[in-house]
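Written out below as structure tokens is the structure these notes cover.
The values are calculated or read from the model by the stated rules, or taken from the named source; none is laboratory data. Every value quoted in this text rests on a predicted model; they were computed, and no experiment measured them. Every residue, glycine among them, receives a Cβ derived from its backbone with ideal geometry; neighbour counts consider all protein chains shown. These accessible areas exclude ligands, DNA and RNA; they are computed on the full protein's heavy atoms, side chains included. Shrake-Rupley method; radii C 1.70, N 1.55, O 1.52, S 1.80 Å.
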Amino acid sequence: MSTGELLSIEPTELKFQFELKKQISSTLQLLNKTDNHVAFKVKTTNPKKYCVRPNTGVVSPGSMCDIMVTMQAQKEAPPDMQCKDKFLLQSVIAPAGATAKEITPEMFSKEAGHVVEECKLRVVYVAPPQPPSPVAEGSEEGSSPRASHMDNGNSNSSEVSRSFVDSHDKSSEVRALISKLTEEKSAALQQGNKLRQELEFLRRSSGGKSQGGVSMTFVAVVGLIGILLGYLLKRA
């Protein structure tokens, strides 16, 4: 900010984001620090290149005024983006209640004895902002999005293959257990048939013996069959 006795001017230099074949604007803001009306006038070393609106005016006490400076479209960039153009803002105390239409060139004449405050402003060219990098967000340094995608694909494939192998192993275990139980059941049935045949043989061979002896043998054999069948049913 440039601070004078009459006006505060911000900024102290005119910055333009330079682009070829495009009009570019920059804004100046004036603040009247006095209790008087202050008239201002803007001059430039290259009037054909710039359009200033307003280039003259009056700022009321304690008020602010914006000045729009527009640079005409340029066909070529200056060397090293350096600009030698300058602006001069002159300000002077104006009569109370003065308007922009009442401003005359004689009001800014030092030869006529007027106290004229001056502020010089230089022009600065700024390069336009660069477009964002096309690199996808979230990709790690040193790896491309495609590589990350392939890694994810390989990981998913590995998980699917692992799940398939696990389920296949479990199915094999279940089939083996069922086969074992089936064999045990068949063996138990064969043992039961063998026991029934032996029981029948004992019954036939004990025709002349006491009924009590036959009954004890029969009860023992039946109990053994019941225990064996109960064990098989629990395993199944």
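The table below gives the values:
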| quantity | calculated |
| --- | --- |
| Selected residue [free of Cβ contacts under 8 Å to residues at least 60 places away in the same chain, open to solvent by 40 Å² or more (accessible area, probe 1.4 Å), in a loop (DSSP other than H, G, I, E, B) and not aliphatic (A, V, I, L, M)] from Lys48, Lys101, Lys43 | Lys48 |
| Flag for Asn55 being more than 44 Å from the chain's Cα centre (by Cα), modelled with pLDDT of 95 or more, open to solvent by 50 Å² or more (accessible area, probe 1.4 Å) and not acidic (Asp, Glu) | yes |
| Residues being of a type outside the set (D, E, K, R), open to solvent by 40 Å² or more (accessible area, probe 1.4 Å) and closer than 21 Å to Ala98 by Cα - total across the range 64-80 | 1 |
| Condition check for Lys209: modelled with pLDDT under 75 and open to solvent by 90 Å² or more (accessible area, probe 1.4 Å) | yes |
| Checklist (1) over 29 Å from Pro95 (Cβ atoms); (2) in a loop (DSSP other than H, G, I, E, B) applied to Pro61, failing item | (1) |
| Residue match in the range 52-67 (condition: of a type outside the set (Lys, Arg) and touching a Pro at 6+ places or on another chain (Cβ under 7 Å)) | yes |
